[in-house]
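The values are calculated or read from the model by the stated rules, or taken from the named source; none is laboratory data. Just so it is clear, the model here is predicted, and its values are computed rather than measured. In this analysis, Cβ positions are derived from the backbone assuming ideal geometry, glycine residues included, and neighbour counts consider all displayed protein chains. Heads up: the accessible areas ignore ligands, DNA and RNA and are worked out on the full protein's heavy atoms, side chains in. Shrake-Rupley method; radii C 1.70, N 1.55, O 1.52, S 1.80 Å.
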Amino acid sequence: MKFRANLVIGGALFATVVVAGALAPFLAHTDPVMDANLMNAEVAPGSEFWFGTDAQGRDIYSRVLYGARISLTVGIVSQLINTVIGVCLGLSAAYWGGWWDDFVSGLTNLMLAIPSLIFALAIMAILTPGLTSLLIALGLTNWSYTCRLSRASALSLKGQGYVQAAKVLGYGDIRIMLTQILPNILGPIIVIGTLGMGGAVLAEASLSFLGLGIRPPFPSWGSMLSDARDQITTAPWISIFPGLAIFMTVLGLNLLGDGLRDILDPQSRARTA
C-alpha cells in the first residue's frame, strides 16, 4: 500500500541521516574543522576523499556527517518548542474559550500572515548568530500551524461525554486537557511535527546560507553551500553533497510524515487503501 511505502522509504532515509549524525565521530575520516590542508584544496572525489575536499582542503565527507548533527538538532529541538507552544495555546483556547480564545486566534492569524523565514531572519539579526539563537528563532516562528490544529481538534472533543464525566468527577481544567483531550489529538500533532522538522532543516540551511545561522568554520549544510558558491562550476562536488544531504533529509521527513498521516488518520487510510 502507498502509505506503507512512504513510511518505509521515509523512515529509511531519515534513519540513515540519524545514524550518520550519531556515528559521525566514528565514521568521519578527519576533524571537520581543524583538519584543513591547502595542499589538498578542491580535490575531486576519489578513494582518499570520498566526497572530495573544499577550498580549504577539508574533507567534505566528514563535514557532511557532522553537519547532520546540527541539522537534526535544529529540526528536532525547534519543532519540540513549536509543538509545546502550539499545543498549550491551542488546547487552552479551545477549552476555555472567551477572550482567551479570541486573543490566541488573533495572535495565530498574525503569525500566519508573517512569513516564518522573514520572522526568523529578524530574530537572528537581533541575536548573536549561533546554535542557541537559531533554536530560539525557529522555535518561535512555526507554532501557529500546531496551534490551529490543536484548537480545531480540541473543539470537537471538549463536548464529548468522557470530558463531561471528568468534570463531574472533579478533575481540574489542566488535568482534563492533559489526560482526556490531548491523548486523543496526538495523531495529527505527531504528523505535523514530523513535517515541521523538514521545514526546520530547510530553514536552518537557509539562514546558515545567508550567514545568520551556524557560523563557519563549523559544518552546517547551509554554510557549506554558501562557501561553495564561487566553486560551483570548477568544483561542483563541494555543493552537490551537502545539497543531497538536505534533499535526502527533507524528503525522508516528508515521506515519513505522509505515511504517519495515513496510519493515524483512519479516513485517510481508507482513501488510500
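If you take the beta carbon distance between F103 and A5 as r and set R0 to 35 Å, what does 1/(1 + (r/R0)^6) give as a FRET efficiency, to the nearest 0.05? Efficiency for this residue pair is about 0.20. Per residue, the convex hull spanned by the Cα atoms of the range 125-200 measures out at 108 cubic angstrom. Across all Cα pairs in the range 72-156, the calculated P(r) in 10 Å bins from zero up to the longest distance comes to 20, 45, 27, 8, 0 percent per bin.
Evaluating 6.51 cos²θ - 1.76 cosθ + 1.60 at θ = phi - 60° for every residue in the range 130-144, the Karplus couplings come out as x, 5, 4, 4, 5, 5, 5, 4, 6, x, 9, 10, 10, 7, 5 Hz, glycine and proline recorded as x. Of the residues S153, Q164, I123, the one whose Cα sits farthest towards the positive end of the charge dipole of the chain is Q164 (charges of +1 on Lys and Arg Cβ, -1 on Asp and Glu Cβ, taken about the Cα centre). Net charge in the neighbourhood of T30 (other residues with Cβ under 14 Å of its Cβ; Lys, Arg +1, Asp, Glu -1) is -3. Each Cα pair under 8 Å and six or more residues apart adds its separation to the average, and for the range 5-272 the resulting relative contact order is 27 percent.
Estimated from helical segments only, the mean residue ellipticity of the chain at 222 nm is -22500 deg cm²/dmol, where each DSSP H run of four or more residues counts as -39500 (n - 2.57).
Under the simplified labelling scheme, the A15-E42 pair shows an inter-label distance of 4.1 nm, with each label point 7 Å from Cα along Cα→Cβ.
Solvent-accessible area of the chain (1.4 angstrom probe, protein heavy atoms only): carbon and sulfur portion equals 68 percent. Mean separation of Cα pairs under 8 Å and 6+ residues apart, divided by the residue count of the range 1-133: what relative contact order is that in percent? Relative contact order comes out at 16 percent.
Scalar couplings 3J(HN,Hα) for the range 30-46, obtained by applying the Karplus form with A = 6.51, B = -1.76, C = 1.60 to θ = phi - 60°, are 9, 6, x, 10, 7, 7, 10, 9, 5, 5, 9, 5, 6, 7, 5, x, x Hz; x denotes Gly and Pro. In the chain, the longest principal axis of the Cα atoms and the axis of helix 237-264 are about 20 degrees apart. The share of alpha-carbon pairs in the chain lying farther apart than 24 Å comes to 57%. Evaluate the Debye formula for the range 133-247 with equal point scatterers sitting on the alpha carbons, no solvent, and hand back log10 of I(q)/I(0) at q = 0.11, 0.12, 0.16, 0.23 Å⁻¹, in q order, two decimals. Those come out to -0.55, -0.61, -0.80, -1.18, one per q. Across the range 18-125, Cα-Cα pairs more than 24 Å apart make up 52 percent of the total. For the range 75-88, backbone phi angles converted through the Karplus equation (6.51, -1.76, 1.60; θ = phi - 60°) give residue-by-residue couplings of x, 6, 5, 5, 6, 5, 4, 4, 5, 4, 5, x, 5, 4 Hz, Gly and Pro being listed as x. A cut-off under 15 angstrom between Cβ atoms defines the neighbours of G90, and their net charge, with Lys, Arg +1 and Asp, Glu -1, is 0.
Note on S156 and I126: the extension gain reaches 6.8 nm, defined as 0.36 nm multiplied by sequence separation minus the Cα-Cα distance. When the Cα positions of V87, Q56, L23 are compared along the charge dipole of the range 1-128, V87 comes out farthest toward the positive end, with charges on each C-beta of Lys, Arg, Asp and Glu. What percentages, rounded to whole numbers, describe P(r) for the range 183-269 computed over all alpha carbon pairs with 5 Å bin width beginning at zero? Calculated over all Cα pairs of the range 183-269, the distribution is 3, 15, 19, 17, 13, 10, 8, 7, 4, 2, 0 percent.
For D262, the accessible area of its heavy atoms, probed at 1.4 Å with every protein chain present, is near 0 square angstrom.
The order of L182, L117, L169, L110 by accessible area, most exposed first and with a 1.4 Å probe, is L169, L110, L117, L182.
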